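The values are calculated or read from the model by the stated rules, or taken from the named source; none is laboratory data. This is a predicted model, so every value here is computed, not measured. Virtual Cβ from ideal backbone geometry, glycine too; neighbours counted across all protein chains shown. All accessible areas refer to the heavy atoms of the entire protein, side chains included, with ligands and DNA or RNA removed. Shrake-Rupley method; radii C 1.70, N 1.55, O 1.52, S 1.80 Å.
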Amino acid sequence: MKCIINGRIVLADKVLDNFAIIFSDKIEKIVSENEINTNDYEIIDAKGNFVAPGLIDMHIHGYLGADASDGDADGIRKMAAGIIKNGVTAWCPTTMTVSKQEIEAAFESVREVKNSDEYYGSRILGVNSEGPFINTAKKGAQAGEHILKPDAEFIKKHSDIVKLFTVAPEVDGALECIEKVSNETDVLISMGHSDATFEEALAGIEKGVRHTTHLFNAMSALTHRGPGVPGAALSSDNVSVELIADTFHINKGLFGLVAKIKGDKLCLITDCIRAGGMEDGDYTLGGQPVHKEGIKCLMPDGTIAGSVLNLNEAVRNLYENAGIEVYEAVNCASLNVAKALGEDKEIGSLEEGKRADIIIADEKFNIHTTILGGEIKYKGE
């Protein structure tokens, strides 16, 4: 068994100093360092850094030149191996509004990798299908020609691999789709790429929407007379929200407000595209051209097209700008996400009996070590 010492252990509700984590493939004990006989374990010295649960990215399209919508299993493996260096131990490869044939090919490539033990990297929880059941008026960087009427049978058919999907609750057939999927599957239903009014969004929530795709982005605006999708999401206690905390998609001045309102329903995501981890230049997203410059990814008409954010950076940005405790910021990229996805009995926090998905990160949340199921999968400088 292994033992991490000399770290600041980030639990769900506090940070422990002078404690150690003993683990195999699961977390066995969290005990005072005074109780440890170092000769009994393989010792990992955290050197005063944070020891936190592995991060969970529930919304990531691409990384290192690969994209989940490519339908390429090797690309999925490349992404999994890349993001583990960012502290991500579990993730949902995220598809775009491309043709139904391409979406199903992408699902199959994720199945292939998820059901295999032959890849090295972050563990796949399932697919996040962002579209094609969205509103053309708020399609953002999605391809309008591939938008389809909401189809519950399509989601049911692929519910073995689809963990969550996005739907615009106001479009024709959406409420029926939401209700059927909610009643007959465990798939998380998210509202997004939507021009819904406040009332239309609430109707979707009443039928089974429990999540919100990248809050504020590609949705009706929040105003004092028309609260729209953001107003419905923020005011509904049973709805979690995604936040792209790159300081570009959302003004950092709002981070604290959203965190205060949503609490454990706030989920950090990257919405990262294939340009993530790559040099500035020209790339594609869902077959459409995108130019990356710094933290900005834009289509030729100026439409924002995903991000190049890493999840550990999102944790840092939230922590530095929201006025919250470090454990609360970490929860937004771990426990809160695990709860939204129904995975919190196994992952999301450092608790005895849970999987030993553990990261060691410095005060800027740069990742030094990533441990997956008790095995060291990444060790930085």
Measuring from the longest principal axis of the C-alpha atoms of the chain, the long axis of helix 198-207 (C-alpha) lies at a number of degrees, nearest 10, equal to 70 degrees
Relative to the chain, whose Cα atoms define the longest principal axis, helix 100-114 and its Cα axis are tilted in degrees, nearest 10, by 10 degrees
Per the 1/(1 + (r/R0)^6) rule, R0 = 22 Å and r from the Cβ atoms of E42 and N18, FRET efficiency to 0.05 is 0.65
Checking region 1-58 for trypsin sites (Lys or Arg not before Pro) in a loop per DSSP with at most 13 other beta-carbon atoms within 10 Å yields K14, K47
To the nearest 10 degrees, the tilt of helix 174-184 (Cα long axis) against the first principal axis of the alpha carbons of the chain is 40 degrees
Which of K138/K292; K47/K339; K2/K262 exceed 32 Å between C-alpha atoms? The answer is K2/K262
Here the FRET efficiency for S32 versus I376, based on Cβ atoms and R0 = 30 Å and rounded to 0.05, is 0.80
Averaged per residue, the 1.4 Å probe accessible area of the chain, protein heavy atoms only, in Å², is roughly 40 Å²
Taking only protein heavy atoms and a 1.4 Å probe, the highest-to-lowest accessible-area order of F198, F133 is F198, F133
For K207, counting only lysines whose alpha-carbon sits under 16 Å away and dropping same-chain residues fewer than eight positions off, the answer is K180
Here, E153 and M1, labelled 7 Å along Cα→Cβ, have an inter-label distance in nm of 5.3 nm
For K260, counting only lysines whose alpha-carbon sits under 17 Å away and dropping same-chain residues fewer than eight positions off, the answer is K252
Note to self, the chain gives a 222 nm [θ] from helices alone (DSSP H runs n ≥ 4, -39500 (n - 2.57) apiece, / all residues, nearest 500) of -7000 deg cm²/dmol
For K100, counting only lysines whose alpha-carbon sits under 16 Å away and dropping same-chain residues fewer than eight positions off, the answer is K149, K156, K157
